[in-house]
Structure formats: C-alpha cells, structure tokens
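Notes follow the structure.
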Amino acid sequence: MSKNTPKAIRGTQDIFGPDAEAFAFVVETFERVRKLYRFRRVEMPVLEKTEVFSRAIGETTDVVSKEMYSFEDRGGDSLTLRPEFTAGIARAYLTNGWQQHAPLKIATHGPLFRYERPQKGRYRQFHQIDAEIIGAAEPQADVELLAMADQLLKELRIEGVTLHLNTLGDADSRENWRAALVDYFRAVQDELSEDSQQRLEKNPLRILDSKDRRDKAFLTDAPKIDDFLTDEALAFFESVTSGLDAAGVKWQRAENLVRGLDYYRHTAFEFIPDEGSEAAEALGAQSTVLGGGRYDGLMESLGGAPTPAVGWAAGIERLAMLVGEQGEPACDLIIVVEDDDRVAEAIGALKAARAEGFVAELVAAGSPRKRFDKAVKRDPVVILSLQADMGHRITTDNLDAPVLGSIRHYN
C-alpha cells in the first residue's frame, strides 16, 4: 500500500468475509423476528438537530458533553450524527403525528456515532438493532419486548446469556429512593471515587452500577428500591415477572441495575453473559449484549404530552462476535462454460435457475480447461458444464431433485 493511500478513520471498520456474513446474519434474523412480533419497520435520519439529543439525553451526560459528533451547517444550525436511536424516534413520533398509531410497535437498525476510545466490540461508528413500543402503559408491553429479545438471542444461537431485571418504580418511588441514596452516600462522600462524588447530587442512582472498588464497598448496604415501591409500582413489576415466567423467559433480579436519567420508570433490563461462559470470554469487559428499559418521561423532555414507552437496543458488532464466523451462502448450482460460444446460453440458464429460487453462479472466465476445477472447489450441490460439442454434463455428490428438475427444464 502506498504511503499516499488514505487510511480508514480511527474507530471505523471495513467489514468483509466471514465478519460481514455474521453481521448480515444478525440483521436478517432481527428482521425475521420483528415480523413475527408485528413490529413496523422505520428508517430514521442519521442527522438530527443537536437539541434533540441534548434535551432527551441530558446536557450533563457523557454522551452529550463528550461523545457526540456535532457541527454547524451552512445555515447556522447545530446538527449531530445520531449517537442512539430512541431520541430521534421520540422526535419523529411527535413531529409526524405517529400518536394516531399508538400503541406503536416499531423497529430499526443502522449506524450510530460516538466519539469514544475504540475498544473490543466498540467503535466510533457502530451499528445497532432497536425495538420500541410507544404509547403502551401496560406491563404486557415490557413482556412483549423482552420475549422478542429472548427469542432473537435464541435464534442467533447465542448461549450463556441471562436477562438481568430490575424495577426503578414509578415517579414517587424513584424520587423517595433517590433522596435516601443521597443521604446515604453523602455520609461517606469523601471515600467515594471521584466520578461518584460528582454524581452524588445530580445522578446518585449511577453510583449503584459503579465498577470502582472504592464505591463497591458501600453498595451492599445502600438503600434498595423495594423499600420505596408504591403499591402500584410493585404490582407493575410483579406483572412483568409473571409475564416473563409465562413466556418461558429466564431472568434474575439485579437490584443495582439502574438508569440515571429521570425519565426512566419501572422496568430496566440487560442481557448479560454468564460468568465463565463463551459469550463472556468473547466480549470481555463489554459485557452487555442487549439492554433497555421503560422511559415514560422522555416525550415531555421534547415538548410532547406524557407518553408511556419502553424499548431496547443491541450492538450488531457485539452480536456478530457471539454468533461466530458465518460462511458464504451455500451454492445450489454452478454453470461452467467450457465453450465461450455458449456464454449467452449459460446466462439464460442462470437467470432461469435464480428465478426458481436457487442460489446459482456462473464460471466463464479464465482458462476454459480450468473452469470446471474452479467450480468444484466452490462445492455447489450441482455443477452444469456446457461443452463445445453442444452437450453438457452434470456432476454432483448430493443430487437435489428440484435443482436437477430445473436444469432439465431449461436444457
């Protein structure tokens, strides 16, 4: 490679070969599963006004203050490459009148952008699949989303992953719990990590998921949400867990699993690899496979009416790492042209095969004597060779009757 050849931008990747096939397998499986659950497909802009994210995610969060790719366009507007899907979907729900479709089940996938240190399974341009239910206040919506996520992981053949589940309660539960946490951590403020000291007043719930050993010493005795749940909030969580049991979704309680932003309510969840599993080994420190929660207060932050909503997202790169290498699509038929005068005939035969749904390929380049050997190396079910004497030969170790019938039809 020449020194003058441009290089890829740090934190981006060119995906090819088995990695690209694994990526495609994740997306194709997601598309199939979302149709089973009747989630509508949406396509969202890569660009949004910066205020969509600053108002929805919060000015003080790391995402907004440190990680967003924002710039001023020629018209003087501040625009941002989307760092997540939910804020843009909420904006679209309000500006496009999607309220008429509530409860609205939607799904999407595509690239997102965050300026952070690239590491295993995490890039500055990365890709996610995303599913949301907007306008449904019932706990059954949470169960539906979690059952969909669980089925997706099973159909991707990802094993050794467990749903970790918590409740953040309703607004009253959360506020009372928050006040108790502030009082508790304030008493040991000087012994907390620097990050947790900063979070204490603004975002004390985030201290609970700290990985710093200085903070962990105080987490066991920290106030628990269960002590502050209203009867309504407790009933909601019990409906979610009983629904998951009925759907056959295995889960475990994770009392320290939280969401720091104030608009999150009730259910919070993450699918996390079991300790010592192949999934945990593959992902390393990037342990969460899929995560989400209920965000009943988000629409209000964007100027809309109070609207219940719940959703989840998962990184395609991480899922692709877990599904492992995927080979190229299996080939039903290869047509070999050993006589160049028969190329047009071969193209017609190829079209007929593909029209009947067969994966087919043409070998008509290079030395005519070596074309058949090339086809053999690609290991198709059937090889059809068009020879100079206007005849043909069929070679197969595993003759598939429908494929053979198709060959006979167009020959």
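The values are calculated or read from the model by the stated rules, or taken from the named source; none is laboratory data. Everything quoted here is computed from the prediction, not taken from an experiment. Cβ coordinates were reconstructed from backbone atoms using ideal geometry, including for glycine residues, and neighbour counts include every protein chain displayed.
Being of a type in the set (D, E, K, R), surrounded by 14 or more Cβ atoms within 10 Å (Cβ to Cβ) and closer than 17 Å to Leu302 by Cα is the requirement here; does Glu116 meet it? No, not satisfied. Close contacts from region 35-48, counting a first residue that is in the same structural domain as Ile133 (by TED's automatic domain parsing) and a second that is of a type in the set (Gly, Ala, Ser) and part of a helix (DSSP H, G or I), with Cβ to Cβ under 7 Å and a gap of 6+ residues or different chains, come to Met44/Gly88; Met44/Ala92; Pro45/Gly88; Glu48/Gly88.
Applying the criterion of at least 2 residues that are in the same structural domain as Met148 (by TED's automatic domain parsing) and without any contact (Cβ under 8 Å) to a residue 60 or more places away in the chain to the helices (runs of 4 or more DSSP H) found wholly in region 194-301 leaves 231-246, 278-283. On the stretch given as region 369-378, residues that are loosely packed, with under 12 Cβ neighbours inside 10 Å and assigned to a loop (DSSP other than H, G, I, E, B) total 0.
Among the residues of region 162-198, the ones that are among the charged types (D, E, K, R) and more than 26 Å from Arg213 (Cβ to Cβ) come to 4 in all.
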